[in-house]
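Participant: Let me begin by handing over the structure; questions about it come next.
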Amino acid sequence: MKIMVIGGGGREHAIIKKLKQSTKVTDIFALPGNGGIAHDAVCVEIGAKDIPAIVEFAKNKAVDFAVVAPDDPLVLGAVDELEKAGIPCFGPSKNAAIIEGSKVFAKNLMKKYGIPTAAYEVFTDMDKALKYLETAAVPVVIKADGLALGKGVVIARTREDAQNAVRSIMHDKIFGESGSQIVIEEFLEGPEVSVLSFTDGKTVVPMISSMDHKRAFDNDEGLNTGGMGTVAPNPYYTDDIAKECMEKIFLPTINAMNAEGRTFKGCLYFGLMLTKDGPKVIEYNCRFGDPETQVVLPLLESDLVDIMLATRDGALAKTEVKFSDGSACCVIMASEGYPEKYEKGFEITVPSQLPEETEIYFAGVKLDSGKLLTNGGRVLGVAAKSDCLETAIGRAYAAVRQIHFKNAFYRKDIGRSALKAINKEA
Ligand code: AMP
Ligand code: GLY
């Protein structure tokens with residue numbers, strides 16, 4: 001099979017490496033991919049949002065199957081256009097991708113169908129939002145409605161901070177048009193869990209759980225980022241909690257989307273908070289998480305091509321989706337200054353031999369005259385697996401210490417809180 005993967009980050013690299021393990025795959029194209037992915041796939045210079053060019057390419061190459069990985073093309077309707085052109089796809093249609101594309105849609109869906117989430121109000125009028133905040137409890141969370149590169153969320157500790165956030169989102173439009181509507185919601189507390197799932201609209205199969213580390217610096221300090229590292233499984237996500245989530249969140253969400261005429265097929269990502277009142281949905285994503293995928297897919301033992309085909313064709317119930325009992329850890333190496341300003345263009349050196357069970361997933365990199373250069377905020381992720389989390393963490397950091405580029409920075413504590421939770425249980 002000729003497979004085309006849309007996107008060019010660490011998540012896409014992890015998807016491609018897993019797809020390559022399938023005996024069914026003969027060719028993989030990455031649009032646009034990146035200089036590191038070029039080892040594993042043919043990279044084609046077509047942007048992930050250039051849907052007409054993507055469709056044209058797929059037809060010309062007679063691609064058998066397409067995987068649309070990032071949020072933007074999904075929300076823009078890439079799957080609909082590819083399917084219309086006769087290219088089968090993994091990923092939700094545009095009318096289902098709205099579950100991530102509009103936070104207002106997602107919140108209203110949860111309210112209508114009784115799916116546990118933070119209490120909230122929606123505002124399109126700035127003055128009303130400011131007035132509401134005069135009496136709202138703090139901390140309070142302000143979210144721009146649309147996609148904002150994972151940055152559209154402000155956690156305000158004081159009313160004044162909250163009002164300033166509302167002004168900068170709705171008046172100064174710091175997140176662009178995605179800020180013309182906002183959600184103001186209750187601040188929740190508890191461990192966060194990411195659960196990615198495969199769903200064909202009838203069956204939902206959760207993948208192994210994971211834990212992201214969203215803040216830029218150790219001890220969860222600094223700005224929110226796209227994610228600085230992950231571990232899987234998430235020790236807070238016990239079997240009992242998984243059962244509760246299936247009953248109260250996962251199945252109700254799939255059913256709600258069906259009832260709305262928006263059947264979701266693809267990877268549905270549940271961002272959960274385990275509060276003292278039970279698990280609640282913080283966010284839905286219509287796609288694999290980044291860098292969650294870099295720890296989840298290495299632990300998948302079944303054939304990803306089979307699973308993706310079954311997801312599209314409504315045959316998930318009959319398909320094996322098996323994860324190993326091991327653990328994985330991914331440490332992101334970023335450019336100093338990320339998620340704000342950073343320099344790029346520095347040469348990356350990687351050791352010829354990595355520790356066992358360790359992989360590098362390239363993200364913000366490019367090839368230039370045979371040299372691999374930094375080309376983004378999150379440059380690469382080093383993911384390792386093992387029977388035990390502590391060893392996986394050790395392997396990932398051993399490899400990180402052997403990878404060099406100017407201005408490299410990474411968190412030193414990825415997995416520390418997960419280890420603490422495991423040791424407390426023991
Ligand atoms: P998101 O961009 O929706 O993933 O939000 C970014 C991060 O903000 C989440 O991972 C949470 O850590 C935090 N967050 C979002 N909503 C809430 C909430 N209602 N209460 C507490 N933290 C939140
Ligand atoms: N790591 C969080 C996300 O992919 O949105």
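The values are calculated or read from the model by the stated rules, or taken from the named source; none is laboratory data. Nothing here was measured: the structure is a model prediction, and the numbers come from that model. Every residue, glycine among them, receives a Cβ derived from its backbone with ideal geometry; neighbour counts consider all protein chains shown. Protein only, heavy atoms only, side chains kept; ligands, DNA and RNA dropped before computing areas. Shrake-Rupley method; radii C 1.70, N 1.55, O 1.52, S 1.80 Å.
Participant: State whether one or more residues within the range 179-200 are over 25 Å from the mean Cα position of the chain (by Cα), open to solvent by less than 70 Å² (accessible area, probe 1.4 Å) and within 16 Å of ligand 1 (Cβ to nearest atom).
Facilitator: no
Participant: Test of understanding: among Asp277, Asp303, Asp313, which residue is within 16 Å of ligand 1 (Cβ to nearest atom) and open to solvent by 10 Å² or more (accessible area, probe 1.4 Å)?
Facilitator: Asp277 is the lone residue from the list that is within 16 Å of ligand 1 (Cβ to nearest atom) and open to solvent by 10 Å² or more (accessible area, probe 1.4 Å).
Participant: For the condition at pLDDT 95 or above and crowded, with 24+ Cβ neighbours inside 10 Å, what is the one hit in Ala53, Ala14, Ala38, Ala62? Before the answer, list the steps.
Facilitator: Details: Ala53 fails: crowded, with 24+ Cβ neighbours inside 10 Å; Ala38 fails: crowded, with 24+ Cβ neighbours inside 10 Å; Ala62 fails: crowded, with 24+ Cβ neighbours inside 10 Å.
Result of the check over Ala53, Ala14, Ala38, Ala62: Ala14.
Participant: Would you confirm whether or not the range 252-272 contains a residue that is open to solvent by less than 30 Å² (accessible area, probe 1.4 Å), closer than 26 Å to Pro88 by Cβ, more than 16 Å from ligand 2 (Cβ to nearest atom) and β-branched (Val, Ile, Thr)?
Facilitator: yes
Participant: Residues of the range 280-294 being more than 11 Å from ligand 2 (Cβ to nearest atom) and either within 17 Å of Val204 (Cβ to Cβ) or of a type in the set (Val, Ile, Thr) (or both), which ones?
Facilitator: Answer for the range 280-294, where residues must be more than 11 Å from ligand 2 (Cβ to nearest atom) and either within 17 Å of Val204 (Cβ to Cβ) or of a type in the set (Val, Ile, Thr) (or both): just Val281.
Participant: Among the residues in the range 320-339, are any open to solvent by 10 Å² or more (accessible area, probe 1.4 Å), part of a strand (DSSP E or B) and out of contact with any Cys (no Cβ under 9 Å at 6 or more places or on another chain)?
Facilitator: Yes.
Participant: While we're looking at this one, here's another question. Got a sec? Which helices (runs of 4 or more DSSP H) wholly within the range 76-173 have at least 2 residues that are within 13 Å of ligand 1 (Cβ to nearest atom)?
Facilitator: Helices (runs of 4 or more DSSP H) meeting the threshold: 94-101, 103-113, 159-170.
Participant: Using beta carbons and a limit of 8 Å, which pairs, at least six apart or on different chains, have the first residue in the range 177-202 and of a type in the set (Phe, Trp, Tyr) and the second one within 14 Å of ligand 1 (Cβ to nearest atom) and in a strand (DSSP E or B)?
Facilitator: Partner pairs satisfying both residue conditions: Phe187/Val140; Phe187/Val141; Phe187/Ile155.
Participant: Among (1) surrounded by fewer than 17 Cβ atoms within 10 Å (Cβ to Cβ); (2) touching a Ser or Thr at 6+ places or on another chain (Cβ under 9 Å), which single condition is Asp240 missing?
Facilitator: Unmet condition: (2).
Conditions (1) part of a loop (DSSP other than H, G, I, E, B); (2) within 25 Å of Cys329 (Cβ to Cβ), marked per residue:
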| site | (1), (2) |
| --- | --- |
| Tyr342 | yes, yes |
| Gly345 | yes, no |
| Gln353 | yes, yes |
| Glu356 | yes, yes |
| Gly381 | no, yes |
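Participant: Also: Tell me the residue from Val382, Val331 that is free of Cβ contacts under 8 Å to residues at least 60 places away in the same chain and under 17 Å from Thr225 (Cβ atoms), please.
Facilitator: Unique residue meeting the criteria: Val382.
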